[in-house]
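Where a number appears in this text, it was derived from the coordinates with a stated rule and is not lab data. No experiment lies behind these values; they were computed from the predicted model shown. Because the Cβ atoms are built from the backbone with ideal geometry, glycine has one as well, and the counts that use them run over all protein chains shown.
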Amino acid sequence: MSLVRILVDGYSLLHHWPELARGRARHSAAAREELIRILVQYQDATGTPVTVFFDGSGRNRNNPGPDTTASIEVLFSGAGQTADQLIERAAHRFSAYGHVLAVTNDAAERDTVIAMGGMACSCDQFIRMIRATLEEQQEDIKSHNRRERTRFARPREGNA
């Protein structure tokens, strides 16, 4: 089965990515928006749908924060729920369609998702995956741009 969705524990990832949104509180809307911006870039590069879960307790009800975009689904847990519970439910529901990848530093949560037939990785592993993918994408763009500049710089036959 193929990877059908990446399930991200948003606050776990934010707490383990200190250079993301420097100077911002880890539970701030600005930090969440920066994380979502990076996840959108990653999703664009890989094509794998991403759902990021945040514990609802950090959400300001007057300013609900980032909405779900076309490429990233953003969910906040409700009263009496945790992001971990939502991740488990999503992993169970998606298991019929293929593998999910859960991203969290909660070892028990990773074990639970693996027991359901999914895959899991730590936040540090996922950060490395994101960086490598985005660096590769930048190199591909540079290479494409060089080819295009060369292609348009050549004189056409019959015009020389």
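Across the chain, the longest run free of exposed loop sites, meaning trypsin sites (Lys or Arg not before Pro) lying outside DSSP classes H, G, I, E and B with no more than 12 other Cβ atoms within 10 Å, spans 62-155. Annotation: amide H-H contacts under 5 Å for Asp55 (H modelled 1.01 Å from N, sequence separation of 5 or more, or interchain): Tyr11, Ser77, Ala83.
Round to the nearest 10 and give me the degree value, 0 to 90, for the angle of helix 29-46's Cα axis relative to the longest principal axis of the chain. That works out to roughly 50 degrees. Look at where the Cα atoms of segment 78-118 and of segment 3-43 average out, and the two centres are 18 Å apart.
Averaging the inverse of every distinct alpha carbon separation and then flipping it gives the Kirkwood radius. What is it for segment 3-153, in angstrom units? One over the average 1/r among Cα pairs gives 16.3 Å for segment 3-153. Return one number: the angle in degrees, 0 to 90 and rounded to the nearest 10, between the long axis of the Cα atoms of helix 123-153 and the longest principal axis of the Cα atoms of the chain. Between the helix axis and the principal axis of the chain, the angle is about 20 degrees. Split the chain at each of the GluC sites (Glu not before Pro) in a DSSP loop with at most 14 other beta carbon atoms within 10 Å, and the longest piece is 20-156.
Per-residue ellipticity at 222 nm from helix content only, as computed over the chain with -39500 (n - 2.57) for each DSSP H run of at least four residues, stands at -15500 deg cm²/dmol. Relative to the dominant Cα principal axis of the chain, helix 83-94 is inclined by about 70°. Summing +1 for each Lys or Arg and -1 for each Asp or Glu among the other residues whose beta-carbon sits under 14 angstrom from that of Gly80 gives -1.
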